[in-house]
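Bear in mind that the values in this text are calculations on the coordinates, not laboratory data. A quick note: this is a predicted structure, and the numbers were derived from the prediction, not measured. Every residue, glycine among them, receives a Cβ derived from its backbone with ideal geometry; neighbour counts consider all protein chains shown.
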Amino acid sequence: MSALKRVAGVSLYHQIMEDLREEIQGMAYGEQIETEQQLAEKYAVSRGTVRQAITALVSEGLLTKIQGKGTFKSGVALDRSTAVVKSFTDQLLASGLVPGIRDVNLESDFADERTAKHLGLAPGTPIWRLSRVRLADGVPISYCTAYINPAYATGLCAGDLEMSLIAMFTEKLGVPLQHGESFVTATLASEELAQRLGVSTSTPILRLEHVGFLASGDPVFFDVTDSIGERYVMQIEQGSYGRG
């Protein structure tokens with residue numbers, strides 16, 4: 001599109017915003033839009049007008065600005081196949097993104113009633129709690145807390161803590177994970193979570209709870225991953241439709 005056709009009673013920034021909104025719909029998640037300068041030349045307006053339109057779309061969660069990199073369509077399409085359990089790292093790599101990690105913390109804890117139920121333990125049983133912020137291309141996307149049955153964490157060392165949980169257990173600790181169960185809910189960021197991920201407390205959060213099992217059915221870990229809603233799009237592969 002070239003210079004905007006001026007419409008009486010409609011601000012320029014609003015016209016640009018609606019045009020960009022339509023364009024964004026056809027873009028892939030994480031795809032970069034044109035720079036402010038390019039858009040200003042494209043629409044024959046000032047950069048300030050373009051910036052106002054982009055800011056409005058960022059506020060709506062349609063775009064994400066990354067300092068020093070540019071502006072991108074919000075969301076990372078991650079495949080949560082029902083057939084194969086993929087690690088967070090593998091999902092990001094498959095989406096063409098560079099996985100990262102920060103704020104790694106491993107500490108001993110005691111299983112509360114809910115965690116104990118997921119791990120098949122008695123409440124109050126000592127466990128390990130591993131918390132981490134996961135990054136996609138350097139941008140925080142999720143805060144993960146894994147509650148681990150210590151019986152399966154023998155030999156766990158500091159160098160293992162930046163691996164995906166699946167790789168950590170299967171490759172480093174020799175624990176033969178066989179299958180998993182996941183539960184998805186929606187919530188808003190708590191004050192603590194907002195600080196960890198650099199968002200506001202009104203930010204929508206997608207919570208994925210996952211339990212990893214051995215072939216025997218014994219649970220190994222219970223993981224809670226809170227992802228920023230506008231930066232995470234869950235793509236689920238499903239089987240054929242049943243009858244009725």
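Data overview
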item: Around residue 131: net Lys/Arg minus Asp/Glu count, Cβ-Cβ under 14 Å; result: -2
item: Sum of -39500 (n - 2.57) over DSSP H runs of 4+, divided by residues of the chain (222 nm, nearest 500); result: -6500 deg cm²/dmol
item: Dipole in debye (nearest 20) - the chain, about Cα centre, beta carbon charges: Lys, Arg +1; Asp, Glu -1; result: 500 debye
item: Fewest-first sequence of 143, 29 by Cβ atoms within 10 Å of each Cβ; result: 29, 143
item: Counting DSSP beta bridges with both ends in the chain, the antiparallel % (nearest 5); result: 95 percent
item: Virtual spin-label span in nm between residue 207 and residue 93, 7 Å along Cα→Cβ; result: 3.1 nm
item: Estimated inter-spin distance, residue 171 and residue 195, nm [label 7 Å along Cα→Cβ]; result: 3.4 nm
item: Pairwise centroid distance, computed over Cα atoms, of region 21-43 with region 127-144, Å; result: 29 Å
item: Relative contact order computed over the chain (Cα-Cα under 8 Å; 6+ residues apart), in percent; result: 17 percent
item: Residues 168, 27 arranged by fewest to most Cβ contacts within 10 Å; result: 27, 168
item: Cβ-based charge dipole, region 77-235, positive-most Cα from 105, 126, 177; result: 177
item: Computed label-point distance, nm, for sites residue 185 and residue 37 using a 7 Å Cα→Cβ extension; result: 4.9 nm
item: Those GluC sites (Glu not before Pro) in region 2-65 that DSSP places in a loop and that have at most 16 other beta carbons within 10 Å; result: 31, 34, 60
item: Fewest-first ranking of 216, 131, 227, using other Cβ atoms within 10 Å as the exposure measure; result: 216, 131, 227
item: Only Lys, Arg (+1) and Asp, Glu (-1) charged, at Cβ; region 12-73 dipole about Cα centre in debye; result: 260 debye
item: Additional length obtainable on full extension of the chain from residue 102 to residue 216, 0.36 nm per residue less Cα span; result: 37.7 nm
